[in-house]
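Q: If you scroll down you'll find the structure; I have some questions about it.
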Amino acid sequence: MSIEQILEQHGQKDLLRFITCGSVDDGKSTLIGRLLFDSKQVYEDQLSAVERDSRKWGTQGDAADLALLVDGLQSEREQGITIDVSYRFFATARRKFIIADTPGHEQYTRNMATGASTAQAAVILIDARHGLQLQTRRHSFIVSLLGIRQVVVAINKMDLVNYEQARFEAICEDYRRFASKLDIETIHFLPVVALHGDNITRASEHMDWFQGEPLLTLLESLPVSAQRSDAPFRLPVQYVNRHSADFRGFAGTISSGQIRQGDRLMVMPSGRQSEVARILGASGDVTEAHAGQSITLTLADEIDISRGDVLARPDDKPRVADALDARVVWMVDQPMLPGRQYDIKLGTCTLAATPQLIHHRIDVNTLEHQHAEQLDLNEIALVRWQLGRPAAFDAYSELAGTGSFVVIDRVSNLTVGAGMIVRPVTDSLADKSQNVVWHEHKIAKSQRARQKSQRPAVLWFTGLSGAGKSSVANALEQALFQRGHHSYLLDGDNVRHGLNRDLGFTDEDRVENIRRIGEVARLMADAGLVVLSAFISPFRADRAMVRELMEPGEFVEIYVHASLETCENRDPKGLYAKARAGTIRHFTGIDSPYEAPEKPEVVLDTEKLSIEESVDELLDYLRKRQILV
Amino acid sequence: MNAPKPLAAGQRMSHLDTLEAEAIHIIREVAAEFERPVMLYSIGKDSSVMLHLARKAFSPSPPPFPLLHVDTTWKFKAMYAFRDQIAEAAGMELIVHINQQGVDQGVGPFTHGSRVHTDIMKTQALKQALSQYGFDAAFGGARRDEERSRAKERVFSFRDRHHGWDPKNQRPELWNLYNGRVHKGESIRVFPLSNWTELDIWQYIHAENIPMVPLYFAAERPVVERDGMLLMVDDERLPLKPGEQPQMKSVRFRTLGCYPLTGAVESSASTLLEVIEETISVRHSERQGRAIDKDAGASMEDKKRQGYF
């Protein structure tokens, strides 16, 4: 092949970025060293340096320890572990690769998130002797959290389990079961021996039973994240190029979609509009451009645009809001504290932002939602942020480029966290005043309550499906009505079909569901009503969030208790049967957790108490608390 | 202005397109966020590519920052001529900084050895220049594939008041969101070519027809062999040892630094395509020709901690 042909071929290659994850002894560095070595990316002098180092630090006796090719920093070599993200490069005839090599230790969640943020695929290593470990779960969760949809599970050290197919299959099965809870589109499984190269760059002589491609061939064929061709256009404005009086260019990298000359654009958040006059690509004028390209646009009209604005089509714009919910990975020792002001860099826009509350912390090992008052190093949580001004953004799951941000400490200047936006909290309209102030009512809450001979309260019934929440709440409301009290019952029927029609049953949607119910309950309490709410509301953090909304003493948590077995036997709506059959997912008690209240105001054991007895007990309690006068 | 070129809808990008777009993004980000950035220009091939990308990033305007050449006074003659010509063509201010104290003390590679020379005339000189002009960001052409400790270098690499690098305490870098916040006196080294490999550089030079110093191409040059390295006798300052006779050999340079510290390789590659061909088949990594990396496995990491690029 002539050099021109080689260049031609090299010029055609695309680029796949992937991350490798595994715990300390899974053989990750060895695997990467093997990929580099077998694809002839190791130069002789590097190899001789490694041979020299192997005698000093190696773990393979006299043989060159390929892991040392990869473990870069002195301190790492001394400890025999990889402590930071390092980037490796290699190419095959078909494709160029960038590997983000990240450490396996629990305390390095932040490094894994860093490496995963730019990766299109993940290679997760599992030691065949040990099977799924906590780390495997954690790595897989972070991979899924950062939006990587293609995972290769390499089950390593097959030689140490006698190349047994049964062992391989068992681990695959375990992994599939676990991964069904995550958001990963495709999973490939490979049995490998990184140390000897089996199923890395060539098929293994020892595992005839495995029919799949070796790792390198697989990596060559994985799709390089092709964005949908109908993805909405987004250009975060990076730099304003004022060349001359008749050239004002808006430079940036297209984060999604495409644009043509003459297309109509809207500037967010200002809402002003114009048309694309010229598009300058990297090598001069072009008629159109697409995601990934760094361009400079000029517009037909002179309108005010600055760094941090987002250009989009008027019919498919980003959200604009001054508050948002985002999943956050915390990256420094000093904890994230609600109420403290930080800066965030969202695309090309840097602005002040304050975490207002932590909806819940997510345990990276068990995926459990936990209550949290602050966020520590390497912890992940769903956090509500109040922004210093309205900004344009998208949900990370839809458009990562306009849905991600880093958090910067205003004093130390350090990057302290990374955020993935789930949703805006309030949409503020573009081109309008953003200030919605709480209107000071002329009639006080206490006056409304006195008129009704009661004190406003929110009676929050929580418990498993079938525990009897709705039955008890309904019966209590009838009793209240008969006694002349003013009340209102919020339940699935009147909320899910209207106010919360747009929400599903994912964990985020459940949180938002409860948040909205909480806000409605607050308004009703403000109107002086006794509000009854009957929802499973499985997460402690969510119930705590609603409690926070109310005045002290207004929130009454009522734990309607019956064992899962009892509830499943009652199964009034046939839901347990469906959940067991797998036709409904994320069903509380079956494949989604229920976090029982720690200190409920009232506990009703419906296995022992009838509905009438439960109502009597509640009426007693409400009188004692002087909620009913 | 050229006639507009159409692009197929949703066209896939080659890896060079991707690397080019990424580098332009990084360069613009610096221009937008820093008060006083500067681009280090070392005259070598990586610098040439970086400068080319900077010109693209701000076209039709010239890049909104100056070029800085830290001159050890021991570069090849051909490099100086090339430097002045390139800066003028780019329409950019060229700042040349020499460590005058070093010159006054007569520091040079032969009198003081490569370690002291590199430290005084390069590392210290660079720090002097950055402090003297108050630059808060400095672009460098380093690539992660060059050397092991570089593989962990951030694109935006923080330096303290003393220009030191702390590899264990680097800012996490996610997506394409770079944190350029510094306090007064601190700075960021920026590496837009982080993800390029040597072959990418050559291929891009070829595709974009970027001018190069002739030293990269093979020609008959006077050389002496020392410690396994071929040194070019570029001027009369190279002290010949007893019995040493410069020989004319067809050689070229894979990397350019101070001429007494930069080994030539025997080669007949006199055109860009031949050079690329040689690069593809080469089995020695490119820093091998540099005397300064050889001391110990982690020598580069030590230098970087002390402020070397």
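Q: If the requirement is being within 18 Å of A:L464 (Cβ to Cβ), without any contact (Cβ under 8 Å) to a residue 60 or more places away in the chain and in the same structural domain as A:S533 (by TED's automatic domain parsing), which of these qualifies: A:A562, A:A577?
A: Residue meeting the stated conditions: A:A577.
Q: On to the next question. Which of (1) aliphatic (A, V, I, L, M); (2) at pLDDT 95 or above; (3) in contact with a helix residue (DSSP H, G or I) (Cβ under 8 Å, 6 or more places away or on another chain); (4) assigned to a helix (DSSP H, G or I) does B:A21 not meet, given it meets every other one?
A: Here B:A21 meets the rest and fails (3).
Q: Take the residues of the range A:1-33 that are touching a His at 6+ places or on another chain (Cβ under 8 Å) and away from chain B (no Cβ under 11 Å): which is surrounded by the fewest Cβ atoms within 10 Å (Cβ to Cβ)?
A: A:V24
Q: Across the range B:112-132, what is the number of residues that are touching a Leu at 6+ places or on another chain (Cβ under 9 Å) and either surrounded by 20 or more Cβ atoms within 10 Å (Cβ to Cβ) or at pLDDT 95 or above (or both)?
A: 5
Q: Give the residues of the range A:542-553 that are touching a residue at least 60 places away in the same chain (Cβ under 8 Å) and either crowded, with 21+ Cβ neighbours inside 10 Å or in contact with a Gly (Cβ under 6 Å, 6 or more places away or on another chain) (or both), sorted by residue number.
A: A:D542, A:R543, A:V546 - these are the residues of the range A:542-553 that are touching a residue at least 60 places away in the same chain (Cβ under 8 Å) and either crowded, with 21+ Cβ neighbours inside 10 Å or in contact with a Gly (Cβ under 6 Å, 6 or more places away or on another chain) (or both).
Quick grid of which residues meet (1) over 19 Å from B:G141 (Cα atoms); (2) among the polar types (S, T, N, Q):
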residue: B:R55; (1), (2): no, no
residue: B:S61; (1), (2): yes, yes
residue: B:L68; (1), (2): no, no
residue: B:D84; (1), (2): no, no
residue: B:I98; (1), (2): yes, no
residue: B:R115; (1), (2): yes, no
residue: B:T123; (1), (2): no, yes
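Q: B:A151 fails exactly one of the following numbered conditions: (1) within 14 Å of chain A (Cβ to nearest Cβ); (2) part of a helix (DSSP H, G or I); (3) in contact (Cβ under 8 Å) with a residue 12 or more places away in the chain; (4) not hydroxyl-bearing (S, T, Y). What is the number of that condition?
A: Tallying (1) within 14 Å of chain A (Cβ to nearest Cβ); (2) part of a helix (DSSP H, G or I); (3) in contact (Cβ under 8 Å) with a residue 12 or more places away in the chain; (4) not hydroxyl-bearing (S, T, Y), B:A151 fails exactly one: (3).
Q: Another question, then. Does the range B:164-180 contain any residue that is crowded, with 23+ Cβ neighbours inside 10 Å and either assigned to a helix (DSSP H, G or I) or not assigned by TED's automatic domain parsing to the domain that holds B:I43 (or both)?
A: no
Q: Now for a different question. In the range B:217-237, which residues are touching a residue at least 60 places away in the same chain (Cβ under 8 Å) and surrounded by 20 or more Cβ atoms within 10 Å (Cβ to Cβ)?
A: Scanning the range B:217-237 gives B:M232, B:D234.
Q: What are the residue pairs meeting all of these: first residue in the range A:1-24, first residue assigned by TED's automatic domain parsing to the domain that holds A:T92 and without any contact (Cβ under 8 Å) to a residue 24 or more places away in the chain, second residue surrounded by fewer than 20 Cβ atoms within 10 Å (Cβ to Cβ) and outside any helix (DSSP H, G or I), Cβ atoms under 7 Å, and 6 or more apart or on different chains?
A: Once the first residue is assigned by TED's automatic domain parsing to the domain that holds A:T92 and without any contact (Cβ under 8 Å) to a residue 24 or more places away in the chain and sits in the range A:1-24, its partners that are surrounded by fewer than 20 Cβ atoms within 10 Å (Cβ to Cβ) and outside any helix (DSSP H, G or I) give A:G11/B:S14; A:Q12/B:S14.
Q: When you look at A:D304, is it out of contact with any strand residue (DSSP E or B) (no Cβ under 7 Å at 6 or more places or on another chain), in a loop (DSSP other than H, G, I, E, B) and free of Cβ contacts under 8 Å to residues at least 12 places away in the same chain, yes or no?
A: So A:D304 fails the test.
Q: Considering only residues that are closer than 18 Å to B:P260 by Cα and among the hydrophobic types (A, V, I, L, M, F, W, C), look in the range B:67-97 and name the one that is surrounded by the fewest Cβ atoms within 10 Å (Cβ to Cβ).
A: If we take residues in the range B:67-97 being closer than 18 Å to B:P260 by Cα and among the hydrophobic types (A, V, I, L, M, F, W, C), then B:A78 is surrounded by the fewest Cβ atoms within 10 Å (Cβ to Cβ).
Q: Taking B:I205 as meeting all but one of (1) within 15 Å of B:D46 (Cα to Cα); (2) crowded, with 22+ Cβ neighbours inside 10 Å; (3) at pLDDT 90 or above, write down the number of the exception.
A: (2)
Q: Taking the conditions exactly as written (in the same structural domain as A:K345 (by TED's automatic domain parsing), assigned to a loop (DSSP other than H, G, I, E, B) and at pLDDT below 90), does A:S412 satisfy them or not?
A: no
Q: A follow-up question, please. Anything in the range A:238-262 that is loosely packed, with under 15 Cβ neighbours inside 10 Å and over 23 Å from B:E33 (Cβ atoms)? List them, or say none.
A: A:S244, A:A245, A:D246, A:G262
Q: For residues that are surrounded by 14 or more Cβ atoms within 10 Å (Cβ to Cβ) and over 18 Å from A:L480 (Cβ atoms), tally how many sit in the range A:597-618.
A: Final tally of qualifying residues: 6.
Q: Let me ask something additional. Report the residue count in the range A:273-294 for those that are more than 7 Å from chain B (Cβ to nearest Cβ) and without any contact (Cβ under 8 Å) to a residue 60 or more places away in the chain.
A: Of the residues in the range A:273-294, 9 are more than 7 Å from chain B (Cβ to nearest Cβ) and without any contact (Cβ under 8 Å) to a residue 60 or more places away in the chain.
Q: Looking at B:P37, B:P64, B:P60 in this structure, which one is within 14 Å of another protein chain (Cβ to nearest Cβ), within 20 Å of B:S187 (Cβ to Cβ) and surrounded by fewer than 22 Cβ atoms within 10 Å (Cβ to Cβ)?
A: B:P64
Q: Right, something else. Could you check the range B:194-281 for strands (runs of 3 or more DSSP E) lying wholly inside it with 1 or more residues that are touching a Gly at 6+ places or on another chain (Cβ under 8 Å) and within 14 Å of chain A (Cβ to nearest Cβ)?
A: The qualifying strands (runs of 3 or more DSSP E) are B:229-232.
Q: While we're looking at this one, here's another question. Working only within the range A:119-147, note down all residues that are within 19 Å of the chain's Cα centre (by Cα) and assigned to a loop (DSSP other than H, G, I, E, B).
A: Within the range A:119-147, A:A119, A:Q120, A:L146, A:G147 qualify.
The values are calculated or read from the model by the stated rules, or taken from the named source; none is laboratory data. Just so it is clear, the structure is predicted and the values come from calculations on it, not from any experiment. For neighbour counting, all protein chains shown are included, and Cβ atoms are generated from backbone atoms with ideal geometry for every residue, glycine included.
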